[in-house]
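Values in this text are rule-based calculations from the coordinates and carry no lab data. These numbers come from a predicted model, not from an experiment. So basically every Cβ, Gly included, is an ideal-geometry build from the backbone, and we count neighbours across all protein chains shown.
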Amino acid sequence: MIGKEGFCLHINDGVWYYTIASFDDTGLVRNGFSTRKGGVSTGQYGTLNLGLKKSDSREAVMENFSRFCRAIGVEPGNMVFSDQIHGDQIAVVGENDRGKGIFRNTDIIGKDGLMTCQPGVALVTFYADCVPLFFLDPVYPAIAVSHAGWRGTVAKIGAKTLAMMEKAFGTRPEDCLVGIGPSIGPCCFEVDIPVMEQFAAAFPKHRYIIKNGRKPNKYNIDLWQANTMELIEMGVPKDNISLASICTCCRNDIFFSHRGDRGHTGSMAAVLMLKG
Ligand SMILES: [Zn+2]
């Protein structure tokens, strides 16, 4: 396993969430990846569902946001939501975008990643098995979050995020800290031949990310190592990459999991904000 394990579990007023130790150590950001524990939603959304687009009640989701935001020290009004479509587009946002997706309509459409250099702008992306990528350039400073499901991983949204940070802020990959959060692991991410072939084509030098599955014509893919190797190839030092190494499907008791809950599940959020 390349990359260090560096996510810490916190329990604050009953809300369970993770932060990235190397990000915390810089003192530059507030960050958090939510779990399913500590909210008020019920049934398949039990309990900390943060998906406003689900059929959960808005009142419950807003209460969940209020609890999670209090735990990680972010004002809900400072959040900007992505509008994910399993693509590879990233938007640069700023203070004028705060509240979009939560308190007002958004014009951030079809973006799977967000970035900013402005303090007090909390970037928010959503998950239930897909891989959350957190980026911090402590030099500029600037931040980004991107949503790397299997399609985003094949499309190399992580490398595209870094390239865009370089263009927008002059970020150098060798300065960047990256966090790869809780998501479906190689233990549970089983695919058919057509998806396996897309990974084989996208990662020709890293065939070990593909293993034979338990059944014929099934393969298990390691999204964590695929994203890690992609970022190392972009110039991020391996010691700057923190891996949660926690499978959301195996730990369906802590996390919402699209696979683990057979599609009937809530959403977790990855939040990252430069402090003022
Ligand atoms: Zn698993």
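For the range 1-153, what is the convex hull volume of its Cα atoms per residue in Å³?
Spelled out: Cα convex hull of the range 1-153, divided by residues, is 123 Å³.
Once the range 1-78 is represented by equal point scatterers at the alpha-carbon sites, with solvent omitted, what log10 I(q)/I(0) does the Debye formula produce at q = 0.15, 0.27 Å⁻¹?
Log-scaled intensity ratios, in q order: -0.55, -1.24.
What FRET efficiency comes out for Phe103 versus Arg172 if R0 is 30 angstrom and r is the Cβ-Cβ distance? Round to the nearest 0.05.
Given R0 = 30 Å and the Cβ-Cβ separation, E is 0.30.
Roughly how big is the range 178-235's charge dipole about its Cα centre, with Cβ charges of +1 (Lys, Arg) and -1 (Asp, Glu), in debye to the nearest 20?
260 debye
Could you pull out the trypsin sites (Lys or Arg not before Pro) across the range 129-234 that fall in loop regions by DSSP (anything but H, G, I, E, B) with no more than 11 other Cβ atoms inside 10 Å?
Counting only loop positions with at most 11 other Cβ atoms within 10 Å, the trypsin sites (Lys or Arg not before Pro) in the range 129-234 are Lys205, Arg214.
Work out how much length Gln44 to Ile11 would gain on full extension: take 0.36 nm times their residue separation and subtract the Cα-Cα distance, in nm to one decimal.
Once the chain is fully extended between Gln44 and Ile11, it gains 9.7 nm.
Can you tell me the length gained on complete extension of the stretch Tyr140 to Ser66, counting 0.36 nm per residue apart and subtracting the Cα distance?
Going from the current span to full extension adds 23.6 nm.
So if each residue of separation counts as 0.36 nm, and I subtract the Cα-Cα distance between Glu197 and Asn217, what length gain in nm does that give?
Result for the pair: 6.1 nm of gain on full extension.
Quick one: which residues, 5+ away or cross-chain, put their amide H under 5 Å from the amide H of Ala148? H built at 1.01 Å from N.
Excluding prolines and chain starts, which carry no amide H, the hits are Val131, Leu133.
Can you give me the distance in nm between label points at Lys275 and Arg58, each placed 7 Å from the Cα along the Cα-to-Cβ direction?
3.5 nm
Taking amide H atoms as placed 1.01 Å from N in the peptide plane, list the residues 5 or more away in sequence, or in a different chain, whose amide H sits under 5 Å from that of Ser183.
Distant-sequence amide H within range of Ser183: Ile246, Thr248.
List Leu274, Leu133 from most exposed to least, where exposure is judged by having the fewest other Cβ atoms within 10 Å.
So the ranking, lowest neighbour count to highest, is Leu274, Leu133.
Taking the chain as a Gaussian network, where each spring joins two C-alpha atoms under 10 Å apart, which residue of Gly51, Gly113, Gly213 fluctuates the most?
Ranking Gly51, Gly113, Gly213 by mean-square fluctuation puts Gly213 first.
Enumerate the calculated ³J(HN,Hα) couplings along the range 94-109 in order (Karplus 6.51 cos²θ - 1.76 cosθ + 1.60, θ = phi - 60°), each rounded to whole Hz, writing x wherever the residue is Gly or Pro.
Those phi angles translate into x, 4, 5, 8, 4, x, 5, x, 10, 10, 8, 4, 10, 10, 8, 10 Hz.
Could you tell me the largest-minus-smallest coordinate of the C-alpha atoms of the chain on each of the three principal axes, in descending order and whole angstroms?
47, 46, 33
Roughly what % antiparallel, to the nearest 5, for the DSSP beta bridges in the chain?
75 percent
Return the distance in nm (one decimal) between the two label points of a simple spin-label model at Cys187 and Lys205, each offset 7 Å from Cα along Cα→Cβ.
Result for the modelled spin labels: 3.0 nm.
Which far-off residues, 5 or more places away or on another chain, put their amide H under 5 Å from the one on Val15, with H placed in the peptide plane?
When sequence neighbours closer than 5 places are left aside, there are no close amide H contacts.
Relative contact order for the chain: what percent, with Cα pairs under 8 Å and sequence separation of 6 or more?
Relative contact order for the chain comes out at 24 percent.
With +1 on each Lys and Arg Cβ and -1 on each Asp and Glu Cβ, and nothing else charged, work out how big the dipole of the chain is about its Cα centre, in Debye to the nearest 20.
Here the size comes out at about 540 debye.
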